[in-house]
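Heads up: the structure comes next, in structure tokens.
Please treat every number below as a calculation from the coordinates, not as lab data. Computed from a predicted structure; not experimentally measured. With ideal geometry, Cβ positions are generated from the backbone for all residues, glycine too; neighbour counts draw on all protein chains shown.
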Amino acid sequence: MPCVDACSAADLDAEEARSFDQGGRTFAIYRNHQDKYFCTDGRCTHEEIHLADGLVIENTVECPKHSSIFNFETGEVETPPACENLRTYPTKVEGGRILVEI
Ligand code: FES
């Protein structure tokens with residue numbers, strides 16, 4: 001799997017998210033409360049809203065539209081109305097950059 005350079009690790013504070021686009025797709029990158037980084041598909045599985053605009057608490061993100069909560073480490077939906085899990089992508093930090101296997 002090719003690794004994509006998503007952004008600088010310093011671009012994200014703890015419990016923050018940002019989006020990045022690659023190959024016509026949108027992804028979301030998260031930094032959790034323990035300074036670990038994760039990546040999922042960028043849009044909510046309910047109505048395609050950008051999850052990077054949502055509230056990040058520990059390992060979860062809350063969709064800004066109807067408040068579904070997803071665990072971004074596992075991709076699982078924790079709170080409806082979304083019922084489909086998010087796809088997750090292996091993520092690592094090297095040389096201060098966040099690299100994602102897409
Ligand atoms: S668009 Fe995300 S929960 Fe409805």
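Among residues of segment 20-46 that are touching a residue at least 60 places away in the same chain (Cβ under 8 Å), those with a beta-carbon under 7 Å from a residue that is surrounded by fewer than 21 Cβ atoms within 10 Å (Cβ to Cβ) and part of a loop (DSSP other than H, G, I, E, B) at least six positions away or on a different chain give the pairs GLN22/ILE102; ILE29/LEU12. Residues that are under 15 Å from GLU101 (Cα atoms) and surrounded by fewer than 17 Cβ atoms within 10 Å (Cβ to Cβ) occur in segment 24-44; there is at least one. Among the residues in segment 7-20, are any under 20 Å from GLU94 (Cβ atoms), surrounded by 18 or more Cβ atoms within 10 Å (Cβ to Cβ) and not charged (D, E, K, R)? Yes, because at least one residue in segment 7-20 is under 20 Å from GLU94 (Cβ atoms), surrounded by 18 or more Cβ atoms within 10 Å (Cβ to Cβ) and not charged (D, E, K, R).
A single entry from ASP35, ASP13, ASP5 fulfils the requirement of being out of contact with any helix residue (DSSP H, G or I) (no Cβ under 7 Å at 6 or more places or on another chain) and either polar (S, T, N, Q) or part of a strand (DSSP E or B) (or both): ASP5. Residues in segment 50-61 that are crowded, with 18+ Cβ neighbours inside 10 Å and within 12 Å of the ligand (Cβ to nearest atom): 3 in all. Would you check which residues across segment 62-101 are within 12 Å of the chain's Cα centre (by Cα), surrounded by 18 or more Cβ atoms within 10 Å (Cβ to Cβ), assigned to a loop (DSSP other than H, G, I, E, B) and in contact (Cβ under 8 Å) with a residue 24 or more places away in the chain and list them? Of everything in segment 62-101, those that are within 12 Å of the chain's Cα centre (by Cα), surrounded by 18 or more Cβ atoms within 10 Å (Cβ to Cβ), assigned to a loop (DSSP other than H, G, I, E, B) and in contact (Cβ under 8 Å) with a residue 24 or more places away in the chain turn out to be PHE72, LEU86.
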